[in-house]
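Questions regarding the structure given below will be posed in turn.
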Amino acid sequence: MVITTGIVALPALAGQIGAAPQDGPTAMQDVSPYQAQLQLRSRSPNARVIRVQSQAEPGMRGPVTNLPLPRYVSLKGNEGNARRGPSLSHRIDWVFRHAGMPLRVVAEFGHWRRVEDKDGAGGWVHYALLSGVRTALVTQDMVQLRNRPDPDADVVAKAETGAIVRLGECNPGWCRISGGGQRGWVPKQAIWGVDPQEIRD
């Protein structure tokens, strides 16, 4: 029997992440994920210049953790502030509001990680707000979960767009996901939170 209820069904992405635009100068310019920038922390004669690495490319390692960049993590709690720069003095640009939301780490600085969501939105988040538990976001509506990584395998459940699920093992074309008491295999292109070439045991 096909179970059509969404697994860990959540509202659509619209409205999950709220922008918090603010006017006025900041102590540190936004750090582009695509280009390394030299950052002036203040306007005083003793201002320090800090280099923040550019957009991560496959094979890179984080200067703080020595973990791969980019890499995927998840939001630990129900809310996480994404700031314009890597300190509490920088303004909040985005607020992530769902525990378990998958995020992509693209840069590191001290206790801070620059993260982005599926749409590339985000900012600098304190590492204590992040978890190494791997999750994924369902991007294909009513995607079918199958009992084997095979398009002809039996369908055991369906997941709605926006569902946040636990990520299990992955082969070149399929990943095993779980949530809401259900578990099954879905095509990689139906979820966000795993690289196309990533293999997980």
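Condition first: basic (Lys, Arg), part of a strand (DSSP E or B) and in contact with a strand residue (DSSP E or B) (Cβ under 6 Å, 6 or more places away or on another chain). Can you find one or more residues in the range 178-197 that meet it?
No, the range 178-197 contains no residue that is basic (Lys, Arg), part of a strand (DSSP E or B) and in contact with a strand residue (DSSP E or B) (Cβ under 6 Å, 6 or more places away or on another chain).
So, in the range 61-79, exactly how many residues are surrounded by fewer than 19 Cβ atoms within 10 Å (Cβ to Cβ), over 13 Å from the mean Cα position of the chain (by Cα) and not in a strand (DSSP E or B)?
8
For Gly193, all conditions in the list (1) touching a Ser or Thr at 6+ places or on another chain (Cβ under 8 Å); (2) without any contact (Cβ under 8 Å) to a residue 24 or more places away in the chain; (3) not β-branched (Val, Ile, Thr) hold save one; what is the number of the exception?
(2)
If a residue has to be on the phi < 0 side of the Ramachandran plot and crowded, with 18+ Cβ neighbours inside 10 Å to count, how many in the range 158-178 make the cut?
13
Please specify each residue of the range 99-115 satisfying the condition of being farther than 13 Å from Gly62 by Cβ and surrounded by 23 or more Cβ atoms within 10 Å (Cβ to Cβ).
Met101, Pro102, Leu103
Every number here is computed from the coordinates shown, using simple stated rules; none is lab data. None of the values given here were measured: they were computed from a predicted structure. Positions of Cβ are backbone-derived with ideal geometry, glycine not excepted, and every protein chain shown enters the neighbour counts.
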